[in-house]
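Colleague: Supplied in structure tokens, the structure appears directly below.
The values are calculated or read from the model by the stated rules, or taken from the named source; none is laboratory data. As the structure is a computational prediction, the values presented were derived from the model and not from experiment. Virtual Cβ from ideal backbone geometry, glycine too; neighbours counted across all protein chains shown.
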Amino acid sequence: MTMHTPGSTSDSTTALPARAAQVLRALALDEDLKWRIPGDPVLGPLTRKAARRYVAGETLPDALDRARQVLAAGHRVNVEYMGESCRDARRATEETEVFLAAARLLPSGCSISLDLSHIGLVVDAGLALANASRIAQACAATGREMVISAEGSDRTDAVLDLHRRLCERFDHVGLTVQARLHRTADDLPELLGRPGRIRLVKGAFLEPETIAHHRDSPALRAAYLTYAQQLADSGHLCSFATHDRDLIDRIEQQVGGTGREGAPWEFETLLGLGPGILDAMAERGHPTREYIVFGTEWWLYVCNRLAEDPQRVLQALVDAAG
């Protein structure tokens, strides 16, 4: 038996992936880097190659092409125009026009997701409500769902409040909830009383353990399964958004082991992370959806994808060199 003491090389090696993930999540919080890295003459082209695995492209036509491919493969699509923490009112309203165009042009079977901070939440809640209402109306006109994305815990109250106000006018506006946050145990029962799809994710943001489960903890897996069971039992429209195969298998058992036509649930994976999972679930009769993103503000998004599994950094290096 090989023995080691705290602080030994073995301990350091074990802790390294967790430290790498923490660094990546910290980088994802640096708003200045989202402009500097893509615009850098050396780093921009290299990181853009790595981003292609997770990002459909930088334009709406890129997203339309990818959406058609996903639909042809038998899956639904969730499309998000990336951008968060927009601190200029005029730009927030200009960015809203991209979502309106997406609502008009995306094929049937595509929903639209968005960060409320992309369309004005960090400037003024009233501005965000006005812009979100325009997008919700455009989605209603084309018969598609609109889903509000999760943001850092410091914005959760504002996001939930604005979603509540939207639900007073619309019944097709969903919300993303994070199993990592301790508060979700109290938030979910109220959300089940609102219309619109509930999208359940683990949560990728850098959060203190006083308010969130550690990303790799058994407690997070238990929380995710608990919330998935509540959603399944409620019959509420929901998406189980995870790439964790063990969680997916256990959720499938919770919902009855096989899919059925008109099921209120769907299994969702992110672009570049779970095509095999989607194909397998679709073959077993479950509704499936792939979440695709586009836009020029891809740096923060890619950092969070890499942080979820630091082994992806090695793939990113290979992609950048290719």
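Conditions tested, residue by residue: (1) surrounded by fewer than 17 Cβ atoms within 10 Å (Cβ to Cβ); (2) under 12 Å from residue 281 (Cβ atoms); (3) among the aliphatic types (A, V, I, L, M).
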site	(1), (2), (3)
221	no, no, no
228	no, no, yes
235	yes, no, no
240	no, yes, no
252	no, yes, no
256	yes, no, no
263	no, yes, yes
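Colleague: Out of all the residues in region 52-66, is one or more of a type in the set (Ser, Thr, Tyr), part of a loop (DSSP other than H, G, I, E, B), in contact (Cβ under 8 Å) with a residue 40 or more places away in the chain and surrounded by fewer than 19 Cβ atoms within 10 Å (Cβ to Cβ)?
Modeller: Going residue by residue through region 52-66, those that are of a type in the set (Ser, Thr, Tyr) are 54, 59.
The next check asks that each one be part of a loop (DSSP other than H, G, I, E, B); those that pass are 54, 59.
Next cut, in contact (Cβ under 8 Å) with a residue 40 or more places away in the chain only: 54, 59.
Among the residues that remain, those that are also surrounded by fewer than 19 Cβ atoms within 10 Å (Cβ to Cβ) are: 59.
Checking region 52-66: at least one residue is of a type in the set (Ser, Thr, Tyr), part of a loop (DSSP other than H, G, I, E, B), in contact (Cβ under 8 Å) with a residue 40 or more places away in the chain and surrounded by fewer than 19 Cβ atoms within 10 Å (Cβ to Cβ).
Colleague: So, in region 75-107, how many residues would count as being free of Cβ contacts under 8 Å to residues at least 60 places away in the same chain and assigned to a loop (DSSP other than H, G, I, E, B)?
Modeller: Count: 6.
Colleague: Just checking, does region 251-266 include any residue being part of a loop (DSSP other than H, G, I, E, B) and under 16 Å from the mean Cα position of the chain (by Cα)?
Modeller: No, because not a single residue in region 251-266 is part of a loop (DSSP other than H, G, I, E, B) and under 16 Å from the mean Cα position of the chain (by Cα).
Colleague: I need the full set of residues from region 39-56 which are at pLDDT below 95 and of a type in the set (Gly, Ala, Ser), in order please.
Modeller: Matches in region 39-56: 39, 44, 50, 51.
Colleague: Going through region 65-101 one residue at a time, which ones are on the phi > 0 side of the Ramachandran plot and in contact with a Ser or Thr (Cβ under 6 Å, 6 or more places away or on another chain)?
Modeller: 85
Colleague: Taking residue 217, is it farther than 30 Å from residue 44 by Cα, at pLDDT 95 or above and among the small types (Gly, Ala, Ser)?
Modeller: No; evaluated as a whole, the condition is false for this residue.
Colleague: A follow-up question, please. Residue pairs, Cβ under 7 Å, 6 or more apart or interchain, first in region 127-141 and more than 14 Å from residue 168 (Cα to Cα) and at pLDDT 95 or above, second surrounded by fewer than 19 Cβ atoms within 10 Å (Cβ to Cβ) and of a type outside the set (Phe, Trp, Tyr). List them.
Modeller: Within 7 Å, the pairs are 127/89; 131/93; 134/100; 135/100; 138/100; 138/104.
Colleague: All but one of (1) in contact with a strand residue (DSSP E or B) (Cβ under 9 Å, 6 or more places away or on another chain); (2) over 24 Å from residue 112 (Cα atoms) hold for residue 229; which doesn't?
Modeller: Result: residue 229 fails condition (1) only.
Colleague: Oh, and also: Cβ-Cβ below 7 Å, separation at least six or inter-chain, first residue in region 256-274 and without any contact (Cβ under 8 Å) to a residue 60 or more places away in the chain and closer than 19 Å to residue 244 by Cα, second part of a strand (DSSP E or B) and hydrophobic (A, V, I, L, M, F, W, C): which pairs?
Modeller: These pairs meet every condition: 265/238; 265/240; 267/240.
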